[in-house]
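Heads up: the structure comes next, in structure tokens.
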Amino acid sequence: MTVLACPVCHRDDFANQQGFLNHCRLSHNLEFGPYEQIMLQCGTPVDESEVPLDNPARSRPMGMIPAAAR
Ligand SMILES: [Zn+2]
């Protein structure tokens, strides 16, 4: 699975990709290009065993994985 983390403040508890983009834009004036570029810049591939059970990413793993990587 892949976790999106803010490249500036390293926050990673976003409800979805849109929340992530809004945070970056509003908080840091960051703009991203295509989705693939977002994943390249901010996506952190993690083994599922390394994700804490209470990490919000666990409840939405598929939403954060680009279709091309499935
Ligand atoms: Zn941030």
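The values are calculated or read from the model by the stated rules, or taken from the named source; none is laboratory data. Bear in mind that the values here come from a model prediction, so they are computed numbers and not experimental data. Neighbour counts are summed over all protein chains in view; Cβ atoms, including those assigned to glycine, are modelled from backbone coordinates with ideal geometry.
I'm checking my understanding of the structure. Among residues of the stretch 37-53 that are of a type in the set (Val, Ile, Thr) and under 10 Å from the mean Cα position of the chain (by Cα), which one is nearest to Leu4 (Cα to Cα)?
Initially, the stretch 37-53 is screened for residues of a type in the set (Val, Ile, Thr), giving 38, 44, 46, 51.
Applying the additional criterion that residues be under 10 Å from the mean Cα position of the chain (by Cα) yields 38, 44.
Working: Ile38: 8, Thr44: 6 Å.
Result: Thr44.
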Exercise. Which residues, counting only those in the stretch 5-37, are of a type in the set (A, V, I, L, M, F, W, C) and away from the ligand (no atom under 13 Å from the Cβ)?
Worked result: Ala15
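Residues that are hydroxyl-bearing (Ser, Thr, Tyr), within 16 Å of the ligand (Cβ to nearest atom) and modelled with pLDDT under 85: does the stretch 43-53 have at least one? Before you say what the answer is, go through the steps one by one.
Step one: filter the stretch 43-53 for residues hydroxyl-bearing (Ser, Thr, Tyr), giving 44, 49.
Still in the running and within 16 Å of the ligand (Cβ to nearest atom): 44.
With modelled with pLDDT under 85 added as a condition, the list becomes 44.
Yes, the stretch 43-53 contains a residue that is hydroxyl-bearing (Ser, Thr, Tyr), within 16 Å of the ligand (Cβ to nearest atom) and modelled with pLDDT under 85.
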Problem set entry | Residue check for Cys9: assigned to a loop (DSSP other than H, G, I, E, B) and modelled with pLDDT of 90 or more | yes
